[in-house]
Amino acid sequence: MRGTLVIARKELRQLFSSPIAYVALAMFFVVNGFLFYALVGAYTLQVLQMQGTPPPDFNPTRIIFTPLYQDMTFVLMLVVPVLTMRLVSEEDRARTMELLVTSPVTNSAILLGKYVAIVLLFGVLLLISAVMPLSLALIGRLDWGLLGSTYVGLVLLGAAFLSIGLFASTLNENQIVSAAIGFALLLLFYVVGFAQQAAGTGAQQILTALSISAHFSNLASGIVDTTDAVYFLSLAGFFLFLGIVALESRRWR
């Protein structure tokens, strides 16, 4: 545990001293800020076009934030590989990974420390993104239960995405290649849900169970199901395990 915390502190210092993290965060907020602005504009236009009291199902949370956070899934697919591509690849390029692997710190502690650091950075990103619903809460009523389940979904989604990106970083010392592998893996899990439309009944159930978008859509719609939480946590654990195996295999090269 102590080794994990040491690696996490070291990684956090490197993350916040690297321009890559700031570029990725800026990209995330620029894209989501534009989407937020467009959705608020569309909502305002609908309100102006209505005469009288809006219907009960005219919920600003569902009209603005549900599509916003569902689109955020794809934005994170672009941002996460950029955030994670250097976690192990940079150590390989600088030839410092050999020192870490041969140090008293275990491979599990190394990978988990890096994972904890990037998850904390992702948590900061989500905290800042909460400014969007809070800004609208000052002028209107929001469905905080729906927003709460959506943010639970974003935390779980981020945990899974970051573990996949971290695993991709263990596969190649070239950061660009690592980012490409990470994006390809994330895209695979994302499009699996669309493939179910052309599959048979049995295959549809399997593809739906593997689809990231299907599980996140449930949480973004306010449906809190332990099945979705187990899916994301299992995905995160599986790719962390693969990352540890990838580091262990270096001893035999």
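For beta carbons closer than 6 Å, sequence separation of 6+ or different chains, a first residue in the stretch 208-225 that is in contact (Cβ under 8 Å) with a residue 12 or more places away in the chain and outside any helix (DSSP H, G or I) and a second that is of a type outside the set (Val, Ile, Thr) and surrounded by 17 or more Cβ atoms within 10 Å (Cβ to Cβ), the qualifying pairs are Ser211/Gly193; Gly222/Leu146; Gly222/Ser149; Val224/Ser149. Within the stretch 158-187, residues that are assigned to a loop (DSSP other than H, G, I, E, B) have Cβ atoms under 6 Å from residues that are open to solvent by 30 Å² or more (accessible area, probe 1.4 Å) and among the basic types (Lys, Arg) in these pairs: Glu173/Arg93, counting only partners at least 6 apart in sequence or on another chain.
Per-residue answers, yes or no, for (1) within 20 Å of the chain's Cα centre (by Cα); (2) within 16 Å of Leu125 (Cα to Cα); (3) surrounded by fewer than 16 Cβ atoms within 10 Å (Cβ to Cβ):
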| position | (1), (2), (3) |
| --- | --- |
| Lys10 | no, no, yes |
| Ala21 | yes, yes, no |
| Leu25 | yes, yes, no |
| Gly33 | yes, yes, yes |
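Selection of the stretch 74-90 for residues being at pLDDT below 85 and open to solvent by less than 10 Å² (accessible area, probe 1.4 Å) yields Leu87, Val88, Ser89. Out of curiosity, is Thr150 within 25 Å of Leu233 (Cβ to Cβ), of a type outside the set (D, E, K, R) and modelled with pLDDT under 80? So Thr150 does not fit the description; no. Applying the criterion of being open to solvent by less than 40 Å² (accessible area, probe 1.4 Å) and part of a loop (DSSP other than H, G, I, E, B) to the residues of the stretch 102-117, the residue that is modelled with the lowest pLDDT is Ser103.
The values are calculated or read from the model by the stated rules, or taken from the named source; none is laboratory data. It should be emphasised that the depicted structure is a prediction, and the values quoted were computed from it without experimental measurement. Every residue, glycine among them, receives a Cβ derived from its backbone with ideal geometry; neighbour counts consider all protein chains shown. Just the protein is used for accessible areas: all its heavy atoms, side chains included, with ligands, DNA and RNA removed. Shrake-Rupley method; radii C 1.70, N 1.55, O 1.52, S 1.80 Å.
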